[in-house]
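The structure appears right after this line, and notes come after that.
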Amino acid sequence: MRKAVCIAVAAAVPAFAAAQETTLKLVSAFGETTTYVKHMTPWIQKFNAEGKGIAQINFIGGPKAIPTFEVGTSVKNGVVEMAMTTGAFYTNLMPEADFLKLTQITIADQRKNGAFDYINKVWNQKANMMYLARMVDETPFHLYLTKKIDKPDLTGLKIRITPVYRDFFATMGASLIQTPPGEVYTALERGVVDGYGWPIQGIFDLNWHEKTKFRVDPGFYNAEVSIVMNLDTWKKLSAKQREYIQKQALALEGMNGVWKKFNAEETKRQAETGIQTIQFDNAYREKAYEVAWAAATKQSPEHAPQMRKLFSR
Ligand code: 173
């Protein structure tokens with residue numbers, strides 16, 4: 001009898017000790033060899049090194065683990081605790097997810113002017129998510145093509161999209177084909193698409209430069225890639241764990257300074273590999289915003305006008 005009690009107590013000790021440290025599974029909506037995973041990896045290493053006894057991140061992989069467009073639902077349901085993803089990949093949960101591309105102020109300024117809190121209110125309510133940290137900022141999207149155009153008219157062209165580009169490219173008359181990033185190369189290779197939308201950075205990650213002949217300038221919007229977390233998991237954490245995660249979230253945002261130089265290097269590399277630029281005037285860029293805010297207001301009359309105020313310069 002006495003012996004049995006001892007064993008029970010002994011067995012309970014490690015379980016209690018483990019409760020002090022939590023391990024959070026994190027999935028990436030972008031492939032494991034991409035710029036975004038490369039940017040995040042040293043951050044996870046630092047997070048785990050400094051977070052012993054508090055919190056650890058277990059990076060379980062990219063879209064092979066969970067398909068790109070299912071990552072949001074997996075976070076919402078708590079199948080994984082965290083994800084590195086972008087709003088365009090989880091518009092199935094709420095249209096507002098895709099509005100983060102329309103921010104014209106940095107994440108640091110969004111934390112100051114109330115935009116960050118507003119985003120979190122909506123993300124909590126509609127997606128059961130905490131919006132933790134934005135790790136890509138101040139990075140425009142572009143239209144890349146295999147065929148030349150001489151005016152902003154995409155009639156007769158098939159263009160790979162995500163929700164980011166849908167309304168803008170549709171306005172220019174394109175036929176739209178939605179794919180996750182992992183299917184862009186094959187779509188280009190087979191001639192299924194004549195072009196694609198993507199940020200200024202990262203087209204070399206999956207060899208799309210081999211198939212890309214033109215980039216249309218100017219760029220438009222502001223690419224958003226962020227870390228999100230399941231809200232129930234967040235609520236169960238201790239104050240110490242939450243503080244630690246928030247500290248590391250700010251540290252990740254503090255790394256956003258690298259993008260300016262990286263984007264300049266990527267632009268140069270595109271030119272060096274033979275990608276020609278097609279230059280349109282600023283009306284093209286203004287049209288992109290006009291079309292996107294009109295669509296946003298229609299999709300979310302409740303939040304779009306307030307987000308527009310908070311996101312604009
Ligand atoms: O897949 C995409 O084109 C897309 O929506 C996106 C969003 C942010 C960063 C990179 C790609």
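The values are calculated or read from the model by the stated rules, or taken from the named source; none is laboratory data. In this text, all values refer to a predicted model and were calculated from it rather than measured experimentally. Glycine gets a Cβ as well: all are built from the backbone with ideal geometry, and neighbour counts include every protein chain shown. Areas reflect the complete protein model, heavy atoms only, side chains present, ligands, DNA and RNA absent. Shrake-Rupley method; radii C 1.70, N 1.55, O 1.52, S 1.80 Å.
Side notes on the structure shown:
- Residues that are buried (at least 22 other Cβ atoms within 10 Å of the Cβ) and either closer than 18 Å to PRO181 by Cβ or free of Cβ contacts under 8 Å to residues at least 24 places away in the same chain (or both) within the range 36-51 comprise TYR36, MET40, listed in sequence order.
- Criterion violated by GLN178 - all others in (1) in contact with a strand residue (DSSP E or B) (Cβ under 8 Å, 6 or more places away or on another chain); (2) open to solvent by 60 Å² or more (accessible area, probe 1.4 Å); (3) away from the ligand (no atom under 12 Å from the Cβ) satisfied: (3)
- Residue tally, condition open to solvent by 10 Å² or more (accessible area, probe 1.4 Å), in contact (Cβ under 8 Å) with a residue 60 or more places away in the chain and more than 16 Å from the chain's Cα centre (by Cα), over the range 52-76: 1
- With respect to the conditions (1) part of a helix (DSSP H, G or I); (2) aliphatic (A, V, I, L, M); (3) under 27 Å from LYS25 (Cα atoms), LEU206 falls short on a single one, namely (1).
Per-residue answers, yes or no, for (1) surrounded by fewer than 18 Cβ atoms within 10 Å (Cβ to Cβ); (2) aromatic (Phe, Trp, Tyr); (3) on the phi > 0 side of the Ramachandran plot:
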| position | (1), (2), (3) |
| --- | --- |
| TYR185 | yes, yes, no |
| ASP194 | no, no, no |
| GLY197 | no, no, no |
| GLN201 | no, no, no |
| PHE204 | yes, yes, no |
| ASN207 | yes, no, yes |
| LYS211 | no, no, no |
| PHE220 | no, yes, no |
| SER226 | no, no, no |
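- Which numbered condition SER238 fails, given (1) under 18 Å from PRO181 (Cβ atoms); (2) more than 13 Å from the ligand (Cβ to nearest atom); (3) among the polar types (S, T, N, Q): (1)
- Filter pass, VAL216 being outside any helix (DSSP H, G or I) and not acidic (Asp, Glu): yes
- Some residue of the range 191-211 being touching a strand residue (DSSP E or B) at 6+ places or on another chain (Cβ under 6 Å) and polar (S, T, N, Q): no
- Leading residue by the ranking (least open to solvent (accessible area, probe 1.4 Å)) among those in the range 115-145 that are more than 16 Å from the ligand (Cβ to nearest atom) and of a type in the set (D, E, K, R): LYS126
- Residues satisfying the stated conditions in the range 77-101, i.e. buried (at least 17 other Cβ atoms within 10 Å of the Cβ) and away from the ligand (no atom under 16 Å from the Cβ): VAL80, GLU81, MET82
- Tally of residues being under 26 Å from the mean Cα position of the chain (by Cα) and assigned to a loop (DSSP other than H, G, I, E, B) across the range 251-285: 1
- Selection within the range 248-270 - farther than 17 Å from VAL136 by Cα and surrounded by 13 or more Cβ atoms within 10 Å (Cβ to Cβ): ARG269, GLN270
- Among the residues of the range 271-296, those identified as crowded, with 16+ Cβ neighbours inside 10 Å and closer than 18 Å to PHE169 by Cα are ILE278, PHE280, TYR284, ARG285, LYS287, ALA288, TYR289, VAL291, ALA292, TRP293, ALA295, ALA296.
Matching residues to (1) within 8 Å of the ligand (Cβ to nearest atom); (2) under 27 Å from GLU96 (Cβ atoms); (3) β-branched (Val, Ile, Thr); (4) without any contact (Cβ under 8 Å) to a residue 24 or more places away in the chain:
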| position | (1), (2), (3), (4) |
| --- | --- |
| LYS158 | no, no, no, no |
| TYR165 | yes, yes, no, no |
| ALA174 | no, yes, no, yes |
| ASP194 | no, no, no, no |
| GLY197 | yes, yes, no, no |
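- Filtered by the rule that a residue be within 16 Å of the ligand (Cβ to nearest atom) and in a strand (DSSP E or B), the range 28-68 gives a lone residue, SER28.
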